[in-house]
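The values are calculated or read from the model by the stated rules, or taken from the named source; none is laboratory data. All of these numbers come straight from a predicted model, not from anything done at the bench. Every residue, glycine among them, receives a Cβ derived from its backbone with ideal geometry; neighbour counts consider all protein chains shown.
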């Protein structure tokens, strides 16, 4: 069954408290190579059957209306994963 | 610590002086032409871009109170010396401070976050809590409780669920993470708030008298430090655009108009500030809210020695592309500014490091009388800080009494079309009681309040659904405070002067009902556009009513907030003056809960019931809004308050519940459901004494009334006290634990289980 | 006159208590909320509460440890996930596993930290109804032989506040079966499962019974008038249990 994967990230200019807390914890555990962390969301929409252009358009629409909050989030990636 | 210096085409003071003709976007920033001209006059030249940013946010309605100031003065003018007796800090600081005895003080304030909560309900409501809590911290206090008066559109409107879910979880998500018990508030549904929900947030803090901190920058050479979260593009223009103009949701924005809250950062900031206070290493402190650094620097400077020098490139940025003007306007949350003597710099830094809070030293206090801000050594702001912070424009806006008011007031409920078929038979009255308590406004608000932590800190003695929230302040003596917020937009619509006094009366009564002596007032005045003369009249009348009422009751207004432009299109909300009253207990162990639990105790109704159904919940259920609201008899409120406080202190009553929206019917049901204990009630004598029918007895919203449960052993003492004070009191029943019902004798009996189900089912039906 | 509690005086001993010689550490992480409440509970039970800072590298002179509730590091990654790596946690984990069997109680976020530390099995996920829930909750004491429950009767029902967002206890079936078989289900929700926890489990212990974690808050039910209505002090037994054990065992 194919899945449409949607990645949503906080807008770059929006504060991401989650990422901020994690980037603070990393060096305490010795992971010193990372200067920033931003935490997003991944959604997997399962499709019964083939992913048509129409279904993909629906997914894009759903991603931009329901899955993300356009006030504070961007949909950064939509892709189809087979199987 | 990193410092980011961007090279922009910086509009310096020198450049501004040389280029008087340069076009500036003052209109886009919300300034009127007369205001821009005033700025040019004040400076003797055109403002720089950074100065324009500062003036535009600080002269916005939200920050300058330019339309409301002339009216708000009454709160100061109508205060007597006697009323100020307990006031340690009055209006004008971040929050008022009230002496509650034994060297303890309490600071409290209510603020609005209406527009941001409509745009992004979760973050809007969350940052509303964050902002008011920082006001409390900046007085030197430990925040100890919050409460949230909320108003939404019709419960069944498709957009209401979005707002309720977002706003309630935002308040919970932020407040719960701060470890602040949420002890009360209101949840009201009315279609007038459909496009404009009201999200007011109250916080209360506790401190010792000697710990009071003020927002002033004194001591030439003292250092100015910004600490907490980094500065990003959050809410740029939020203060002036979001709060000053009717909201237009589709307007694109280069910068996010929404601020995102980080409650963890705020919790750390609270603990870190309290440690700073304990170590006495800050001279002055100011939270950053609306208008961010513009507000903090200009207010600190103008309240202190008058001058400050700041290097703006020292500000730690989350977004390095911000221009100086944007940095000055940014409303990034969880930031504070403090003034520290050079000797205390090391101690300050040690506390920051312990809590892993970022900070940067921006500059120092001067005695030049000027606020000078540089960008990489080049002067971009050179202003008299008083002209930014305190001497903004003041408007005496025209106002007039709406012509429609006379016909509305003439349309009283009793005898109206909607009153036809008034319930009269026992069956009809029983059905009416059930209908009332399953209406959206009278229904149980557990669905909302169960999402708030009411236990944290271990000092909560009463919380919703009791009449007021009560927290202990001193664990040894039991000294504590009680707070209630109230407003009734329908009453205020019918008569804004009386409506404000009624809001005050109810909050005062609630506090007294809990057993506390009312001491002080905070208010959040939510209105439509001040540019509409009829709205302005509602505002003026409300302020006059509240100021007069405070004088009559002897409780001063200590601070608060005005929220204007609450309207969608040309339609304003009902005038909604939310009034918070704070009272004090010598020992909170004496608090009175709102429900009875002891079998056999006598139930008394205090006060007189009249035919007062104008603006009532019952009229609302029948779709009627007209006539006059109930009369606010503040002398009676005061007498009732004294009875309730004395009875609580001397152990004469074990339960007390005020009568307000929904009248006696609602109060009887709520007092029975509180501890699931039934009662037998007889109302014939009441109807006869007050000359009313049974329906009026149950549903009228006459003021200055309360229900109390009196132990048999105390009945004589209690009734003697009421008699001696000449206050109407009538034994209307007895607590009957075995009945498991609310039994109005000779008329109807409603099982508690049925009432509970009707009362509990409403909010889950719409929101689960 | 007491001094200002602005920074809670966690260390004040209970006056004249026979149990005051027992010292119970209360850990504070950034974002911890119920530390002052836990310290008050220790004090009201008669013991001496000792504030412990997450960054400390030594446990110091304590006989037992309470990891209180809150939102350590905002709970932004997973509840308890970042706090688990605090320097003090290493010491607590060592002491809990040592022969001395340091009694450790994790409440709410403390429970989450104990599962992230693998001192206790399973994990907590978001409540099944997805909301933060605060209510008075009835619990049954399923095991009264742990360090923290010995003052209760087996099967006793108590009412304490519950307040959390991520309170749904989950573990695989094998782990759940083992917990049941070994008597390590210490508390079960009665009447109403407030978060969808597997098998109504409200709290569990390690095999030795010295480490106990639960989602509800006994420290908010230790003082009449400030906890659940009518009962109010059902949580005090947690703290008297450990104090009596410590004093009796010394």
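Residues checked against (1) under 22 Å from residue B:481 (Cα atoms); (2) at pLDDT below 95; (3) more than 14 Å from chain C (Cβ to nearest Cβ):
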| residue | (1), (2), (3) |
| --- | --- |
| B:594 | yes, no, no |
| B:619 | no, no, yes |
| B:631 | no, no, yes |
| B:643 | yes, no, yes |
| B:652 | yes, no, yes |
| B:661 | no, no, yes |
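Got a sec? Which of B:360, B:246, B:253 is surrounded by fewer than 21 Cβ atoms within 10 Å (Cβ to Cβ), at pLDDT 90 or above and not in a helix (DSSP H, G or I)? It is B:360. Of the strands (runs of 3 or more DSSP E) lying entirely inside chain A, those containing at least 2 residues that are under 29 Å from residue B:263 (Cα atoms), within 15 Å of the chain's Cα centre (by Cα) and without any contact (Cβ under 8 Å) to a residue 60 or more places away in the chain are A:41-46. Of the residues making up segment B:455-482, those that are crowded, with 24+ Cβ neighbours inside 10 Å and under 10 Å from residue B:587 (Cα atoms) number 4.
Among the conditions (1) over 23 Å from the mean Cα position of the chain (by Cα); (2) closer than 30 Å to residue B:28 by Cβ; (3) crowded, with 22+ Cβ neighbours inside 10 Å, residue B:230 misses just one, which is (3).
Can you tell me which residue among C:248, C:237 is in a helix (DSSP H, G or I) and surrounded by fewer than 19 Cβ atoms within 10 Å (Cβ to Cβ)? Working first, answer last.
Working: C:237 fails: surrounded by fewer than 19 Cβ atoms within 10 Å (Cβ to Cβ).
Result of the check over C:248, C:237: C:248.
Residue B:433 - would you say it is in contact (Cβ under 8 Å) with a residue 12 or more places away in the chain, more than 14 Å from chain C (Cβ to nearest Cβ), touching a strand residue (DSSP E or B) at 6+ places or on another chain (Cβ under 8 Å) and not in a loop (DSSP other than H, G, I, E, B)?
Working: in contact (Cβ under 8 Å) with a residue 12 or more places away in the chain: yes; more than 14 Å from chain C (Cβ to nearest Cβ): yes; touching a strand residue (DSSP E or B) at 6+ places or on another chain (Cβ under 8 Å): yes; not in a loop (DSSP other than H, G, I, E, B): yes.
Answer is yes for this residue.
Looking at segment C:54-64, can you tell me whether even one residue there is touching a residue at least 40 places away in the same chain (Cβ under 8 Å) and surrounded by 23 or more Cβ atoms within 10 Å (Cβ to Cβ)? Yes, some residue in segment C:54-64 is touching a residue at least 40 places away in the same chain (Cβ under 8 Å) and surrounded by 23 or more Cβ atoms within 10 Å (Cβ to Cβ). Which condition breaks for residue B:345 when tested against (1) under 27 Å from residue C:74 (Cβ atoms); (2) in contact with a strand residue (DSSP E or B) (Cβ under 8 Å, 6 or more places away or on another chain)? Result: residue B:345 fails condition (1) only. In this structure, residue B:331 does satisfy being within 30 Å of residue B:169 (Cβ to Cβ) and either within 14 Å of chain C (Cβ to nearest Cβ) or in a loop (DSSP other than H, G, I, E, B) (or both). Here is a check on your reading of the model: is residue C:144 more than 14 Å from chain B (Cβ to nearest Cβ), surrounded by fewer than 22 Cβ atoms within 10 Å (Cβ to Cβ), in contact with a helix residue (DSSP H, G or I) (Cβ under 8 Å, 6 or more places away or on another chain) and in a loop (DSSP other than H, G, I, E, B)? No; evaluated as a whole, the condition is false for this residue.
Here is a yes/no grid of residues against (1) in contact with a helix residue (DSSP H, G or I) (Cβ under 8 Å, 6 or more places away or on another chain); (2) in a helix (DSSP H, G or I); (3) at negative phi:
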{"position": "B:24", "(1), (2), (3)": "yes, no, yes"}
{"position": "B:31", "(1), (2), (3)": "yes, no, yes"}
{"position": "B:39", "(1), (2), (3)": "yes, yes, yes"}
{"position": "B:53", "(1), (2), (3)": "yes, yes, yes"}
{"position": "B:71", "(1), (2), (3)": "yes, yes, yes"}
{"position": "B:76", "(1), (2), (3)": "no, yes, yes"}
{"position": "B:84", "(1), (2), (3)": "no, yes, yes"}
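Among C:62, C:50, C:138, which is away from chain B (no Cβ under 14 Å), part of a loop (DSSP other than H, G, I, E, B), modelled with pLDDT of 95 or more and touching a strand residue (DSSP E or B) at 6+ places or on another chain (Cβ under 9 Å)?
Answer to the check: C:62.
Among B:558, B:568, which is the only one that is touching a strand residue (DSSP E or B) at 6+ places or on another chain (Cβ under 6 Å) and modelled with pLDDT under 95? Full working, then the answer.
Numbers: B:568 fails: touching a strand residue (DSSP E or B) at 6+ places or on another chain (Cβ under 6 Å).
Every option except B:558 fails the conditions.
Considering only residues of segment C:65-91 that are over 23 Å from residue C:201 (Cβ atoms) and outside any loop (DSSP other than H, G, I, E, B), which is farthest from the other protein chains (Cβ to nearest Cβ)?
By that ranking, first place goes to C:91.
Taking the numbered list (1) more than 30 Å from residue C:57 (Cα to Cα); (2) surrounded by fewer than 14 Cβ atoms within 10 Å (Cβ to Cβ) in turn, residue A:60 passes all entries but (2). Scanning segment B:672-681 for residues that are part of a helix (DSSP H, G or I) and away from chain C (no Cβ under 14 Å) yields a single hit, B:672. Within segment B:750-763, being touching a strand residue (DSSP E or B) at 6+ places or on another chain (Cβ under 8 Å) and surrounded by 15 or more Cβ atoms within 10 Å (Cβ to Cβ) holds for B:750, B:752, B:755.
Determine whether residue A:45 is facing another protein chain (nearest Cβ under 9 Å) and either within 30 Å of residue C:72 (Cβ to Cβ) or at pLDDT 90 or above (or both). Even if it seems obvious, please write down each step before you answer.
On the way: facing another protein chain (nearest Cβ under 9 Å): no; either within 30 Å of residue C:72 (Cβ to Cβ) or at pLDDT 90 or above (or both): yes.
The answer is no for residue A:45.
Residues to consider are B:136, B:132, B:183; find the one that is within 14 Å of chain C (Cβ to nearest Cβ), touching a residue at least 12 places away in the same chain (Cβ under 8 Å) and not in a strand (DSSP E or B). So that I can check it myself, show each step before the final result.
Working: B:132 fails: within 14 Å of chain C (Cβ to nearest Cβ); B:183 fails: not in a strand (DSSP E or B).
Checking each option against the conditions leaves just B:136.
Restricting segment A:25-42 to residues that are in contact with a helix residue (DSSP H, G or I) (Cβ under 8 Å, 6 or more places away or on another chain) and surrounded by 12 or more Cβ atoms within 10 Å (Cβ to Cβ) leaves a set whose member that is nearest to the other protein chains (Cβ to nearest Cβ) is A:25. Taken over segment C:186-222, the residue count meeting the criterion of being within 14 Å of chain B (Cβ to nearest Cβ) and either surrounded by fewer than 20 Cβ atoms within 10 Å (Cβ to Cβ) or closer than 20 Å to residue C:173 by Cβ (or both) is 2.
Among the residues of segment B:440-457, some residue qualifies, meaning at least one is in a helix (DSSP H, G or I) and in contact with a strand residue (DSSP E or B) (Cβ under 6 Å, 6 or more places away or on another chain).
Suppose we keep only residues that are over 28 Å from residue B:664 (Cα atoms) and part of a strand (DSSP E or B) within segment B:458-489. Which one would you say is nearest to the other protein chains (Cβ to nearest Cβ)?
Within segment B:458-489, the subset over 28 Å from residue B:664 (Cα atoms) is B:458-459, B:472-480.
The next check asks that each one be part of a strand (DSSP E or B); those that pass are B:472, B:480.
Numbers: B:472: 7, B:480: 11 Å.
Restricting to residues being over 28 Å from residue B:664 (Cα atoms) and part of a strand (DSSP E or B), the top hit is B:472.
If you go through segment C:223-235 and keep only what is touching a residue at least 60 places away in the same chain (Cβ under 8 Å) and either within 20 Å of residue C:132 (Cα to Cα) or more than 8 Å from chain B (Cβ to nearest Cβ) (or both), you end up with C:227, C:228, C:231, C:234, C:235. Sort through B:225, B:258, B:241 and tell me the only one that's surrounded by fewer than 24 Cβ atoms within 10 Å (Cβ to Cβ) and at pLDDT below 95. Going through B:225, B:258, B:241 in turn, just one is surrounded by fewer than 24 Cβ atoms within 10 Å (Cβ to Cβ) and at pLDDT below 95: B:241.
Pick out the one residue from A:81, A:71 that is more than 30 Å from residue C:86 (Cβ to Cβ) and touching a strand residue (DSSP E or B) at 6+ places or on another chain (Cβ under 7 Å).
Working: A:71 fails: touching a strand residue (DSSP E or B) at 6+ places or on another chain (Cβ under 7 Å).
From the options A:81, A:71, the qualifying one is A:81.
Anything in segment C:27-47 that is more than 12 Å from residue C:68 (Cβ to Cβ), crowded, with 24+ Cβ neighbours inside 10 Å and more than 8 Å from chain B (Cβ to nearest Cβ)? List them, or say none.
Taking segment C:27-47 and keeping what is more than 12 Å from residue C:68 (Cβ to Cβ), we get C:30, C:43-47.
Applying the additional criterion that residues be crowded, with 24+ Cβ neighbours inside 10 Å yields C:30, C:43, C:45, C:47.
C:43, C:45, C:47 - these are the residues of segment C:27-47 that are more than 12 Å from residue C:68 (Cβ to Cβ), crowded, with 24+ Cβ neighbours inside 10 Å and more than 8 Å from chain B (Cβ to nearest Cβ).
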